[in-house]
1. Could you give the dipole magnitude of the stretch B:21-120 about its Cα centre, charging the beta-carbon of Lys and Arg +1 and that of Asp and Glu -1, in debye to the nearest 20?
2. Where does helix B:162-183 land angle-wise versus the long Cα axis of chain B, in degrees 0 to 90, nearest 10?
3. Can you tell me the 0 to 90 degree angle between the C-alpha axis of helix B:22-48 and the longest principal axis of chain B, rounded to 10?
4. Which is farthest toward the positive dipole end of chain A among A:Gly40, A:Gly260, A:Leu178, measuring Cα position about the Cα centre, with Cβ charges +1 (Lys, Arg) and -1 (Asp, Glu)?
5. How many nm is it between the label spots at A:Ala321 and A:Glu392, if each spot is 7 Å from the Cα in line with the beta carbon?
6. Once label points are set 7 Å from the Cα along Cα→Cβ at both A:Ile269 and A:Glu239, what is their separation, rounded to one decimal in nm?
7. How much length, in nm to one decimal, is gained on full extension between A:Lys453 and A:Glu222, taken as 0.36 nm per residue of separation minus their Cα-Cα distance?
8. Rounding to the nearest 20 debye, state how big the charge dipole of chain B is about its Cα centre with +1 on each Lys and Arg Cβ and -1 on each Asp and Glu Cβ.
Amino acid sequence: MQNKVPAVRMRNICKTFGSIKANQHVDLDIYRGEILALLGENGSGKTTLMNMLSGIYFPDEGTIEVDGRPVVIDSPKAALDLGIGMIHQHFKLVDVLTAAENVELGLEGKLRMRETAARIRAICEQYGFDVHPDQKIYDMSVSEKQTVEIIKVLYRGADILILDEPTAVLTPQETDRLFKVLRNMRNDGKAIVIITHKMNEVLAISDRVAVLRKGEYVGDMETAETSARDMTNRMVGHEVELNIERPDPVDPKPRVKVEGLTVRNVDGILKLKDVSFTANSGEILGIAGIAGSGQKELLEAIAGLQRVESGSIAYIDDDGAEEQLIGKSPLAIQHMGVHLSFVPEDRLGMGLVGSMSLTDNMMLRTYREGAPLFTNRSGPAKTAEQVVHDLEVSTPSIRTPVRQLSGGNVQKVLVGREIVSAPKVLLTAYAVRGLDINASYIIYDLLNQQKQKGVAVIYVGEDLDVLVQLADRILVLCDGQVSGIVDGKKAKKKKIGKLMTTVGGGDKPDEDD
Amino acid sequence: MKTTEAKREPLIHISGRPPMRWSYALLWRLGAIVASILFCMLLSWLITGTNPIDFAVTVVHASFPDDPSLFAGRFWPMLHDLAILLMLSLAVTPAFRMRFWNIGAEGQTLAGCLAAGACMKLLTGTIPDAWVLPCEIIAAILAGALWGVIPAIFKAWFGTNETLFTLMMNYIAAQLMAFFCVLWASPKGSGNVGIINQSGAARAVGWFPTKFDIFGATIENDYLINIAIAGVMVILLFFYMVKSKHGFELSVVGESQRTASYLGINVRWVTIRTMILSGGLCGLTGLMLTAGVNHTINSTLAGGNGFTAVMVSWLAKFNPFLMILASFLVVFLRRGAKDLKSNANLNLDESFSDILMGIILFFIIGCEFFIRYRIRFRHRASAQPEKEVTSRA
């Protein structure tokens, strides 16, 4: 492999954003017929590096060669002309158009939809994709949309493909299917780069792995010759423990009882249908489900942010007194100790204010307390210091606007604020969304600490590997219904995957046991 | 070899720079002002042959005359212009912080003028003279607040566009004003209200006092109260915006309504409350114009200050203290430009002052780009020592 001419040779690449050095003197080789995993923590510069390859950013310094020829990539079009295509985390598709129309969009020449469709079918057949050219995007699942994105770059003749965290939004089954397609493409001689921070995926799919740490290139190795532990250590820079603890539930007592909850969104679409479950104190209740199965609506309903059509949500106090949460204002529910930390895709939209400092963001929760009229920043400043210390937030100071922090650190601020406020019920959604391994483990630890303090933790997660290790019980949502509640200790990933796609998990529930 | 052939490399790179130290940024801005004035002088010299020195002297003398006999007639009106512009800039600021683009300060001010004028006209003689002014104060603030809160209510409940709505409210206020000007015209049919309570027993009823005893010395000044109000407002508004819970809430609403509702902030109420404040302050400014200096009503009383205030507020980055500087700058240049055209020696057309004003603002706003971004040229970007690369291999 060392004797081949690399498809892409990046040398001494530097890129700074303001005072942040996103990439420093990075060297990277990408070969054809190989799947390269680009591994690194949040803010280690993986996406930045690949964005420079796909023409979104222009490097401050350094050179890029494609097939041994020095090139200048100053636009995404220039990248595509060189055969480099990138599939971004957020899909760039027009919802009301069909797959074929989206693929054709932006290309020059005459519009011949029939030919386009035929070529798309040919691509699908070649690599094993499953998508209909005439299907509208809004009718598609996340995984199908991703397929369209991949076809889009293949259609434009790309033979160097970059995928930015492609599995973040997929179910285990869909991930398997994607990996199969990627292997087909590799065998066809394409160069593939997959950006990820999930260790098991690196091991499953890649031939070689390159590690970035804090914008610097740490090194690369054959995947076959390395281990998850070794890679993690290189990525983080020190030893990390990779097992998630699951202490036994502490004196579990019913804390939140949801019965027959039915919710419609503003468009009148049924988002939750007759959902019933009980969340206990001293326990982590995991919620699994394909994105958009009603997780958000469920948490928002409990937090009082969502109009409820029917059903009941009861908060049960230590002395057994029940109190109905439906009809209470979000503020009143907050005062009862029910805290919601929902990490949205953009990480800022709910719960944090980007232009405000860490201190002010802490104050968002508590500013109403104390003397009337004027705010007092000394308490929030202490909270901010505590969160920065406990969660190892890397920030220049607590006066820094949170927008200037990297995504992972923003998230620590958001989750940390809810945790330090000593809640009774902690609702958290996607708490580790996009977080690197180190930060994720800090969050798991903190959730476990909360659990041991007797807090009822409801954890909506995306990563099934984590859910089965962390949660005491897992509630699986499918299309707004409770598809099943399984014991975390005995749960099988495949079984949960089935429950996620079919209510009740299909006819043969014991197939995989 | 390994150097990039820069055939297609972009000529210039624009990249963000680390936040600049404020002292450094201030230097940039001052430099921009100086550069804009120099450019204006150069332009006038090239086009009209005006002596640049005469030019500068005229601009400065418009606000700071060297002739002491002109001082009272120029310096105090300049300060008063500044106070009015400053008041309106302060008024629109809370709304702007909430990302509620209130461009209806003009109309809200006229509503205040009209309410104050109506009280002065109709109440004098029917209630004790001493009560007229308090009635004016209440009426003017309420009228301004009403004019501000109507678009806020529509925005809060129906999601209407506040920019268009507040703009349209300006025309309604102006037409309403025109209607009453005809109704109360004196003499009838002139379309002109004239000075209200100018003479007779009711002289100066409902007017702001102009004579003050301060430490035994008697000072007579038409503008002093208005200037003092503006000064106090700067401090009050600073605390409201930076230190108060209300100010905190409205910045959260402006930044992200979703976050605000997640935190249990009542977004509708904050929107309405803030526009009551914003409109109310405009109404107060209307009162200052009618009861303070003009003692009459007409539809040009606000004189476009409501729109200029939008720019001043932005220029000062919503900071009340910086607004003093920004308003001063605008007023100073505006008065200077006006004198340029009235100065017969300079041979400048009246549109020329508008051009100059435009050039100056272009420079001031344009320099913000250089404060935020760095521009680098191609050759500097690709010049990189080779040895650093090899040492890392």
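1. That gives a dipole near 540 debye.
2. 30 degrees
3. 80 degrees
4. Farthest along the dipole direction, towards plus: A:Gly40.
5. Using points 7 Å along Cα→Cβ, the separation is 4.3 nm.
6. Between A:Ile269 and A:Glu239, the label points sit 5.0 nm apart.
7. Gain on extension, A:Lys453 to A:Glu222, equals 78.8 nm.
8. Magnitude of the dipole: close to 1720 debye.
No value in this document is a laboratory result; all are computed from the given coordinates. What you are looking at is a predicted structure, and each value in this text was computed from that prediction instead of being measured. Neighbour counts run over all protein chains shown; Cβ positions are idealised from the backbone, glycine included.
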